[in-house]
Amino acid sequence: MKLLAEKHNDNDNFILNCEIIVQNRIDLWKPNEIFVNRIDNWFDEKWMEFSGAIVPQVAVWSGKTTVPPFHPKRVESSDFYRRSNQKYEKKESPKILHIYQESRENLKRYLSEFTSDGLFIWYSGNSKVNGIGTLMCYLFRESECQPFFITLTEKKDWNVSQTKAISKKEVEEIIG
């Protein structure tokens, strides 16, 4: 089952490597629900566990994990899958993940409002043009969140150049 949508401005190897990483995590964790979000362009590691801003220039990374406050205009697609009989089926999401609101309102949009056992995936578009792409995932289970962030670059033949909360070696072993 292919989860990541590919567009003309994506590098095939970036999408392929992200898909391999995502499928590895799904096989390992077997979440009940999967939320897949394509972001229009590259984003950096500061988005991991970023909650929003109280006022302009005052950013917050809160202790309780919230939905990363990507502006809805940046979200090119958002898909939802639910596990049924050991396979995942695309469904209508019970709740929209990225909505128009003041940034400080996002400080109250906890992942627990969306699932008790889910994998949230955000990946960047425009990798062919940028020569760089990112993948960010949050496994949310039993009120705890395990996030990780990966940057892949064209300079490294679309292999890992940066990681956060997952080792570079582990990612390299996954994508071979």
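The values are calculated or read from the model by the stated rules, or taken from the named source; none is laboratory data. No experiment lies behind these values; they were computed from the predicted model shown. A quick note on method: Cβ atoms are made from the backbone with ideal geometry, for glycine too, and the neighbour counts reach across all protein chains shown.
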Would you check which residues across the stretch 66-100 are under 21 Å from Asp44 (Cβ atoms) and assigned to a loop (DSSP other than H, G, I, E, B) and list them? Val67, Pro68, Pro69, Phe70, His71, Leu97, His98
Identify, by number, the condition in (1) modelled with pLDDT under 70; (2) touching a Phe, Trp or Tyr at 6+ places or on another chain (Cβ under 8 Å); (3) surrounded by fewer than 13 Cβ atoms within 10 Å (Cβ to Cβ) that Ser51 doesn't meet. (3)
Here is a list of conditions, (1) at pLDDT 90 or above; (2) in a loop (DSSP other than H, G, I, E, B), and Ser62 meets all of them except one; can you say which number that is? (1)
Residues Ser93, Ser78, Ser127: which one is touching a residue at least 24 places away in the same chain (Cβ under 8 Å) and closer than 21 Å to Asn24 by Cβ? Ser127
With the first residue restricted to the stretch 15-42 and required to be more than 17 Å from Ile150 (Cα to Cα), and the second required to be of a type in the set (Asp, Glu), Cβ contacts under 6 Å at 6 or more apart or on different chains are Pro31/Asp117; Asn32/Asp117
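Might you let me know whether the stretch 13-33 holds any residue that is more than 21 Å from Thr134 (Cβ to Cβ), modelled with pLDDT of 90 or more and assigned to a helix (DSSP H, G or I)?
Within the stretch 13-33, one or more residues are more than 21 Å from Thr134 (Cβ to Cβ), modelled with pLDDT of 90 or more and assigned to a helix (DSSP H, G or I).
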Name every residue in the stretch 16-35 that is surrounded by fewer than 20 Cβ atoms within 10 Å (Cβ to Cβ) and farther than 19 Å from Ser167 by Cα, in order of residue number. Leu16, Lys30, Asn32
